[in-house]
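For reference, the structure is listed below as structure tokens.
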Amino acid sequence: MMKRVLCLLAGLFLLATATSQGEAAVQPKQPNILFFFADDLRADTVGAFGGKDVHTPNIDALAARGTKFTQIYCMGSRHGAVCAPSRAMLMSGRMLTHAPDNLKGIKTLPQYLRDVGYETFATGKWHNGNESLTRSFPDARSVFRGGMCDHFQVPLCDVIDGEVVNKRNPEGHSTEHFADAVIDFLKRHKSSNTDAPFFAYVPFTAPHDPRDPPQHWLEKLKDLPRPELPNNFRGQHGLNLGKMTMTVRDENLLGWPRDKEQLRDQLVEYRALVSHLDAQVGRVLATLADAGLAEDTLVVFTADHGLALGSHGLLGKQSLYEHSMRSPCVMAGPNIPVGESRNQLAYLFDLTATCLQSAGVDAGAGVHGQSLWPVLRGKSKGRDELLFLYAKTQRALRVGDHKLIRLPQIDRTLLFNVKADPDELHDLSELPAMKPLHDKLCERMRILQSECGDPLAWTAKDQLPVEIDLTGKRWPADRWQPQWIRKKYW
């Protein structure tokens, strides 16, 4: 009964808030929220986001009945495991400099939702520590507490009544384990006859490497054309992006210079991981519909960040180029425009504020994200600018169509028009005609760094060589790579 009262009060609050702004209420009642979060999913490997020769029918269908966000980004990372801070930002709604990986002392999105009557559930990858997991999701099943693993040897546990239990290493693929867990939750929720809404969080480990999809998915997609190399493929990056980019384990998945045919093999395997993920998303959405819950459920599908996959000579996500920081994002459900796209700039943690507004929650100063509901309704131009931070090696600023990338360790600044040059191939920083814009963006970046508490100096005291050649330099495979991958690529 108390949950029902909280739900009604939250709905009245949302109605009053929207009416005071001279707009119709965003939601007639609190929706259920089903939130899919893929790992290392590059936007243009999904059909709805321009993917060529891919197979993602379920995500594409979700986009067709909802709205795509084409310029939504991870803000960056303090270290090479970009997925951990990305998840911390999403769960807290806070910018990178105020969202520690372990979320210590920070109220999380599911906690806000539980306060207004939501039932919260999680399955999948949790990369933010035990304490924040158990207080956010007293009920969680098939949880992987870590950063990466062999998809067929994923260590799982459950959280029941706030306690970590049932530690195990089951057979099967991680993506299927997580889909099975949320399907079971949806069935349990339906059979419970509760009138409380739910928040179900499904952070997959796919398509993060190892690129080991179920082998029958490689066979299933064998008639698709062999993937093309990205337009901005290089054998090596050339410019020195620092140790935290050039020699992290992601970059060791192929040798230098990058072998074109081996890269295309990896793109085949990555595509199969994405397709397999898409099929599991389809299973979950079918269960949602069969349970009669689809009409009352806000569905969000996005990813923690993108991936280089050979672009600019890189493989990982440890850079501030578009391919690594931009995510695919779809929202579908009650009051979401159908079959539309929004091209406004946004951070992934803006989705936190969006979910909270949907539930009638005013998080106040505790959340830095900006709700995307005004953007969805066509009444906001979105963010004017985005600041990106990566370790102590890279900073970037996006304003309008232009992006400035600062590399303090080599005292170099790059400038791109990402609308005219989406592959970021043509550096404009040395053009005399671009100097006023270049200088303006440099000044603005420094101001935003100060405002968000980023202490990185504009120019590093100890300079690195401007260029780096990694030809022939490679170390053994990491412990998560299965034997067939070690044999093929090492």
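The values are calculated or read from the model by the stated rules, or taken from the named source; none is laboratory data. Keep in mind it's a predicted model, so treat the numbers as computed, not measured. Neighbour counts are summed over all protein chains in view; Cβ atoms, including those assigned to glycine, are modelled from backbone coordinates with ideal geometry.
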Problem set entry | Residue satisfying condition, being surrounded by fewer than 24 Cβ atoms within 10 Å (Cβ to Cβ), in contact (Cβ under 8 Å) with a residue 60 or more places away in the chain and in the same structural domain as S275 (by TED's automatic domain parsing), within set G80, G93, G105 | G80
Exercise. Out of curiosity, is G147 in contact (Cβ under 8 Å) with a residue 12 or more places away in the chain, within 16 Å of the chain's Cα centre (by Cα) and surrounded by fewer than 24 Cβ atoms within 10 Å (Cβ to Cβ)?
Worked result: yes
Seminar exercise, completed: Residue hits (region 406-452; in contact (Cβ under 8 Å) with a residue 40 or more places away in the chain and exposed (fewer than 13 other Cβ atoms within 10 Å of the Cβ)) are L425
Exercise. Somewhere in region 97-110, is a residue under 29 Å from G282 (Cβ atoms) and among the β-branched types (V, I, T)?
Worked result: yes
For this session: Just give me the residues in region 273-308 being closer than 28 Å to Q71 by Cβ and among the hydroxyl-bearing types (S, T, Y), in sequence order.
Result: S275, T297, T302
For this session: Name the residue, out of A272, A289, that is at negative phi and surrounded by fewer than 19 Cβ atoms within 10 Å (Cβ to Cβ).
Result: A289
For this session: Return yes or no: is G105 at pLDDT 95 or above, of a type outside the set (A, V, I, L, M, F, W, C) and closer than 27 Å to G366 by Cβ?
Result: yes
Problem set entry | region 472-485 residues that are loosely packed, with under 10 Cβ neighbours inside 10 Å, paired with ones that are of a type outside the set (S, T, Y) and part of a loop (DSSP other than H, G, I, E, B) (beta carbon under 8 Å, 6 or more apart) | G472/G255; G472/W256; P476/W490
Exercise. If you take the residues in region 108-135 that are part of a helix (DSSP H, G or I) and in contact with a strand residue (DSSP E or B) (Cβ under 7 Å, 6 or more places away or on another chain), which one is surrounded by the fewest Cβ atoms within 10 Å (Cβ to Cβ)?
Worked result: N130
For this session: Go through region 184-228 and give me each residue that's of a type in the set (A, V, I, L, M, F, W, C) and surrounded by fewer than 19 Cβ atoms within 10 Å (Cβ to Cβ).
Result: A196, L218, L221, L224
For this session: Being polar (S, T, N, Q) and in a strand (DSSP E or B) is the filter; apply it to region 391-432 and report the residue that is farthest from C74 (Cα to Cα).
Result: T413
Exercise. Is there a residue being among the small types (G, A, S), outside the structural domain of K243 (by TED's automatic domain parsing) and touching a strand residue (DSSP E or B) at 6+ places or on another chain (Cβ under 9 Å) anywhere in region 473-486?
Worked result: no
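Matching residues to (1) assigned by TED's automatic domain parsing to the domain that holds R42; (2) of a type in the set (V, I, T); (3) surrounded by fewer than 24 Cβ atoms within 10 Å (Cβ to Cβ):
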| site | (1), (2), (3) |
| --- | --- |
| S324 | yes, no, no |
| P334 | yes, no, yes |
| P337 | yes, no, yes |
| E340 | yes, no, yes |
| A359 | yes, no, no |
| A363 | yes, no, yes |
| S371 | yes, no, yes |
| P374 | yes, no, yes |
| V399 | no, yes, yes |
Exercise. If you go through region 292-307 one residue at a time, how many are within 22 Å of R211 (Cβ to Cβ) and surrounded by fewer than 24 Cβ atoms within 10 Å (Cβ to Cβ)?
Worked result: 1
Seminar exercise, completed: Scanning region 216-262 residue by residue, those assigned to a helix (DSSP H, G or I) and out of contact with any helix residue (DSSP H, G or I) (no Cβ under 8 Å at 6 or more places or on another chain) turn out to be H216, E219, K243, M244, M246, R249, D250, N252, K260, E261
Exercise. Give me the pairs: first residue in region 248-262 and over 23 Å from V82 (Cα atoms) and in the same structural domain as R211 (by TED's automatic domain parsing), second residue surrounded by fewer than 18 Cβ atoms within 10 Å (Cβ to Cβ) and of a type in the set (D, E), beta-carbon distance under 7 Å, and six or more apart or on different chains, which are they?
Worked result: none
Exercise. Does A181 count as modelled with pLDDT of 95 or more, under 27 Å from G93 (Cα atoms) and touching an Asp or Glu at 6+ places or on another chain (Cβ under 7 Å)?
Worked result: no
Problem set entry | Residue list for region 433-456, restricted to those being in contact with a Lys or Arg (Cβ under 9 Å, 6 or more places away or on another chain) and in a loop (DSSP other than H, G, I, E, B) | D454, L456
For this session: Name the one entry in D462, D469 that is surrounded by 12 or more Cβ atoms within 10 Å (Cβ to Cβ) and charged (D, E, K, R).
Result: D469
